[in-house]
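Below is one structure, written out as C-alpha cells; comments come after it.
Read-outs throughout are calculated quantities, based only on the coordinates presented, and are distinct from any laboratory measurement. All values derive from a computational prediction rather than experimental measurement. Counting neighbours? That spans all protein chains shown, and the Cβs are built from the backbone with ideal geometry, glycine included.
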Amino acid sequence: MVTSMSLRASETSEAISSFIRRLLCRQKTRATARNDIMLFLLSFFLISCSPTQSNTQTQIITINYSPFIKFQMNEVYACANDLSIILKVADKSPEITFRFGEPDILLNHAYQVGEEEIIIVTNSQSELQMLSLNEVQNLFTSGENIWVYSSDSEMQRVFDQTAMQGRSVSSSAKVAPNPNIMIQMLEENPNAIGFIPKSLLNQNLKEIYSVGVFPVLALTETEPQGAVKSLLNCLQ
C-alpha cells in the first residue's frame, strides 16, 4: 500500500517537472522569437535611415572671368553648385572664359549668359545731375576729375565705342584697375566722375548717364560637352 502510494507520488512529481520544463521551454521559445523580431525591426530601421550613396560624381571646370562681371558670377557659382560642379579659376587655358561685351574678333564659341548696364556715376554729394551724351563727351575729353580704365580693358573699349564715338578720352584722366577701385575713388572725391557696372551702384554714388546694356558672354575654344555644356545650359 505504501509502495503503491509512493509510486503515484513519484509519477505525479515527474509529471509536474515535465510540465514545468515544457512551460519554461515555451516561454524561452517565445522570448527568443520576440528577440528575433526586435533584432529584425532594428536592422530594418538602421538600413532605412542610412544615407544613400549618390552616383553623382563631382566634376571640375576651369574658368576665368573679367573683374567687370564679378557680380554676375554669383549666378554662375549657383548653377555649378546645383550641378555638383567645382569651378577652378585658371589664368591659362580655361575651359570657359566669362567676359563683358563682345570681343573685336570672335574666334571662339560664344554664348550669352547675362547682361550688364554701364552707367556714368559721381559722388552722391555732387551737384551734377543727369547729363546728355554731348556733355558726357566734353567731360571725358577735358580729363578734369575723370576716372577711366586701361585702354585695353573690356569696359573701356565698350565705353569708347558707345559713349565717346570716336572722340578720345583725355590723357590726364586717372586710371582705375577695376570697378572696386573706381568706386572707392569716387566715394572719396565729391567731384570725381567715372563709370561702373550698374549692379555695383551703391548709396554713396548716383547715376548721371546710362551708356547702355551689353552682353555678358561665355567663351569656349571648342563646342561645349559634358559638364561644360550642362553649366552653360543652366545659365541660358
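How far is it, in nm, from the label point at Asn138 to the one at Phe71 when both lie 7 Å from their Cα along the line to the Cβ?
Placing both labels 7 Å along Cα→Cβ, they lie 3.0 nm apart.
Answer with one residue from Asn191, Val169, Phe214: the one whose Cα lies farthest towards the positive end of the charge dipole of region 59-220, charges on Cβ with Lys, Arg +1 and Asp, Glu -1.
Val169
Under the 0.36 nm per residue contour assumption, what length would be gained going from the current alpha-carbon distance of Cys234 and Asn204 to full extension? Intermediate results must be reported in sequence, preceding the final value.
Details: separation 30, 0.36 × 30 = 10.80 nm, distance 3.43 nm.
Taking 0.36 nm per residue and subtracting the Cα distance, the gain is 7.4 nm.
For Val89, put the label point 7 Å out on the Cα→Cβ axis and report which residues of region 163-201 keep their amide N under 15 Å from it.
Of the residues in region 163-201, 178-181 have backbone N under 15 Å from the label point off Val89.
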